[in-house]
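Colleague: Shown below is the structure under consideration.
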Amino acid sequence: MVKPMTRRVFVGSGAAALFASGSLNANGGTDQVVPYSSGVSPPQSIVPGNACDSHIHIFNTRFPASPHWKGQPVDDSNVAAYRLLQKRIGTTRTVVVNPSTYGTDNRSTLDAVAQLGKSARAVVVVDLDIADSALKEMAAQGAVGIRVNFVSPQSWGVTTAERLEAMAKRIEPLGWHMQVYMTGDQIADLADVLGRLPTPLVIDHLARLPPAVGVGHRAYPVVRKLLDGGRTWIKLSGAYLNTESGPPAYADATRVAQSYAAAAPDRLVWGSDWPHRGEKNLPDDAVLFDLLAAWAPDEATRRKLLVDNPSNLYQFTA
């Protein structure tokens, strides 16, 4: 395995001029206490300029939880708190995903994107009866996709395959993608449906293959077939949700991520999944970032995962 290049080694190698040229992020992270994240040190790995954190949630006490939500109350894991994480990690682009806590109320997410500006995009949650005009309005505010969640409680009740297909048809004219949060078993059960969606497909959190089985799970060949089809993306996020071995190596999640990176490096994106709600032991986001050095040892591949792929998927232009 290629040893990850640290900032100390990188600067000492005479490559500091690349920082000045803007090809790498000179402010790639500093010691920083960050709410809802453990640790204070920056990543050891180099963070390229325009690196994207492709999966976060923003909660703001100005916006109440959906009436359906019975879980953890809304707290202020807001834009100000997230900017501290950006300062520590060194990423500059962001994808804000509307959380189940808010149901189909996307105000907190769209408000966050407005605060973050052109460096942010939104993935929203909507119901079947949403007007086309409302979808277009959200597109103007930075929305580029919708999330359909089969795992967490939703304001409409049980999520079905029929809902997934109906929503994909609604957003296809906008050029949006469909993001799904599903367990490995759900992915395997709905393989045919996922394969015929008319939109690009993004699968959350390493596809949630059971850690004890990993690539031996029956969903793995389904995911690989989808990846091979060229219109499906995987989020390399949530290692702490996909592990029994745990930090810092997350060896079981790492084996799955390495397989994806070898199979489809052009259709993977990385996300922190901050603020890690519901976790008794908050993960260290710098450690989560540095996993990329094990998952994709080649620096050019990591640049794809952090810069090029998110630019294509989320339509970043500046």
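The values are calculated or read from the model by the stated rules, or taken from the named source; none is laboratory data. Please read all numbers here as calculations on a predicted model, not as lab measurements. Heads up, the Cβs are rebuilt from the backbone with ideal geometry, glycines too, and the neighbour counts pull from every protein chain shown. When the accessible area is computed, the model is the full protein with side chains, heavy atoms only, and any ligands, DNA or RNA have been set aside. Shrake-Rupley method; radii C 1.70, N 1.55, O 1.52, S 1.80 Å.
Colleague: Answer with one residue from Val97, Ser119, Leu135: the one whose Cα lies farthest towards the positive end of the charge dipole of region 82-195, charges on Cβ with Lys, Arg +1 and Asp, Glu -1.
Modeller: Going by the Cα projections, it comes out as Ser119.
Colleague: Same structure, new question: Mind telling me which of Leu305, Leu174, Leu128 comes out most flexible in a GNM of the chain, alpha-carbon contacts under 10 Å?
Modeller: Leu128
Colleague: Rounded to whole Å and sorted largest first, what semi-axes of the equivalent ellipsoid does the C-alpha gyration tensor of the chain yield via the square root of 5 times each eigenvalue? All intermediate terms of the calculation are to be shown ahead of the outcome.
Modeller: Values: eigenvalues 169, 103, 73 Å².
The three semi-axes for the chain are 29, 23, 19 Å.
Colleague: Rounded to the nearest Å, what's the spacing between the alpha carbon centres of region 177-209 and region 86-150? Just the number, please.
Modeller: With region 177-209 and region 86-150 each reduced to a Cα centre, they are spaced 19 Å.
Colleague: Can you list the lysines whose alpha carbon sits under 19 Å from that of Lys169, skipping same-chain ones fewer than 8 residues off?
Modeller: Within the straight-line cut-off, Lys169 pairs with Lys136.
Colleague: For Lys87, which aspartates and glutamates qualify as cross-link partners when the Cα separation must be under 19 Å and same-chain residues fewer than eight apart are set aside?
Modeller: Of all the aspartates and glutamates, those that pass the test against Lys87 - Cα under 19 Å, at least 8 places apart if same chain - are Asp31, Asp53, Asp76, Asp273, Asp284, Asp285, Asp290.
Colleague: For the chain, what % of the accessible area comes from carbon and sulfur atoms, probe 1.4 Å? Before the final figure, lay out each step's value.
Modeller: Working: 7060 of 13120 Å².
Heavy-atom surface of the chain belonging to carbon and sulfur, 1.4 Å probe: 54 percent.
Colleague: Would you work out if region 135-212 is rounded, prolate or oblate? Take a ≥ b ≥ c from the square roots of the eigenvalues of the alpha-carbon gyration tensor; rounded if a/c is under 1.5, else prolate when a/b is larger than b/c, oblate otherwise. Each step should come with its number before you reach the end.
Modeller: Details: a/c = 1.78, a/b = 1.69, b/c = 1.05.
Prolate is the answer for region 135-212, as a/c is 1.5 or above and a/b outweighs b/c.
Colleague: Right, another one. Can you list the lysines whose alpha carbon sits under 17 Å from that of Lys225, skipping same-chain ones fewer than 8 residues off?
Modeller: Hits, sequence-local ones excluded: Lys235.
Colleague: Here is a further query. Over 22 Å apart: what share of the alpha carbon pairs of region 205-318 falls there, rounded to a whole percent? It would help to have the intermediate numbers written out before the result.
Modeller: Values: 1903 of 6441 pairs.
Of all Cα-Cα distances in region 205-318, 30 percent exceed 22 Å.
Colleague: Pick out which of Asn50, Asn281, Asn242 has the largest mean-square fluctuation in a Gaussian network model of the chain, springs linking Cα atoms closer than 10 Å.
Modeller: Maximum among the listed residues: Asn281.
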